[in-house]
């Protein structure tokens with residue numbers, strides 16, 4: 001076994017039925033990890049589970065709203081019953097709102113993004129904490145966005161909620177490090193794989209402008225570009241990395 005081997009790991013991935021989440025699930029399973037994916041819609045859970053079945057991967061798929069505290073606790077308990085432990089969490093799930101000027105953002109917009117973003121992330125983190133602390137080892141990876149760093153126009157609620165996720169990440173890293181748990185945040189440039197930007201003219205215009213002066217010049221691939229960084233943070237090799245926000249965006253955060 002190497003430091004990057006996840007063969008004995010059991011990783012829960014919220015929002016794991018498509019896009020970044022499913023790409024991460026496939027990549028981790030290829031490395032030998034047992035993966036647990038969640039999604040809000042049962043039909044998407046079934047489709048993703050069928051995909052993992054066809055690939056021969058050991059997994060569990062469950063319909064779950066990340067705002068459901070008791071449902072999340074019950075799922076983690078089932079994971080521990082099934083595999084004896086839970087070694088990793090990738091808190092990837094979050095709802096998304098259309099591009100909206102800040103002057104037009106509603107209270108409902110903010111509630112949706114904060115309920116499914118930082119609150120949903122915290123619920124999952126709290127659910128896995130006792131099991132990881134008891135084992136003296138755990139890896140938590142949260143997901144956010146560089147848009148909070150750049151102040152991207154039209155993404156106010158999303159960026160603000162993601163900045164809250166980054167803050168929770170740092171606090172958890174500070175409080176749980178002595179329990180053998182590291183907590184880091186990945187900022188991917190891969191949202192285009194989750195929601196086709198061509199379906200929204202305003203969003204497509206933002207994406208086109210984004211990649212005109214992008215260092216690598218393309219959107220990130222969930223499985224081949226984003227997932228390897230997540231796998232590192234879930235491995236033993238990342239033992240001395242915690243509380244960090246790591247942009248996996250092809251250098252996009254450097255754009256003027």
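Every read-out reported here was derived from the displayed coordinates using simple, explicitly stated rules and does not represent laboratory data. A quick note: this is a predicted structure, and the numbers were derived from the prediction, not measured. Ideal geometry is used to build each Cβ from the backbone, glycine not excepted, and the neighbour counts take in all protein chains shown.
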In nanometres, the difference between 0.36 nm per residue of separation and the alpha-carbon distance of residue 4 and residue 55 is 16.2 nm
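Only counting other Cβ atoms within 10 Å, I'd like 37, 79, 99 sorted with the fewest neighbours first.
Details: 37 30, 79 22, 99 17.
Least crowded to most crowded, the residues run 99, 79, 37.
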What is the diffusion coefficient of the chain in µm²/s, taking the Kirkwood radius over Cα pairs and the Stokes-Einstein relation at 4 °C with a viscosity of 1.567 mPa s?
71 µm²/s
Rounded tilt (10° steps) of 69-83 against the dominant C-alpha axis of the chain
40 degrees
Length-normalised contact order of the chain, Cα under 8 Å, at least 6 apart, in percent, tallies to 21 percent
Label-point gap, in nm, between residue 134 and residue 205 - each point 7 angstrom along Cα→Cβ:
5.4 nm
Give me the angle, in degrees from 0 to 90, between the Cα long axis of helix 42-54 and the longest principal axis of the Cα atoms of the chain, rounded to the nearest 10.
60 degrees
Quick one: of the DSSP bridges fully inside the chain, what percent are antiparallel, nearest 5?
0 percent
GNM on the chain, Cα springs under 10 Å; top mean-square fluctuation among 241, 11, 90 goes to 241
May I ask you to derive the FRET efficiency for residue 240 and residue 63 from their Cβ-Cβ distance with R0 = 35 Å, giving the value to the nearest 0.05?
0.40
Using alpha carbons only, how many degrees (0 to 90, rounded to 10) separate the axis of helix 201-212 from the longest principal axis of the chain?
80 degrees
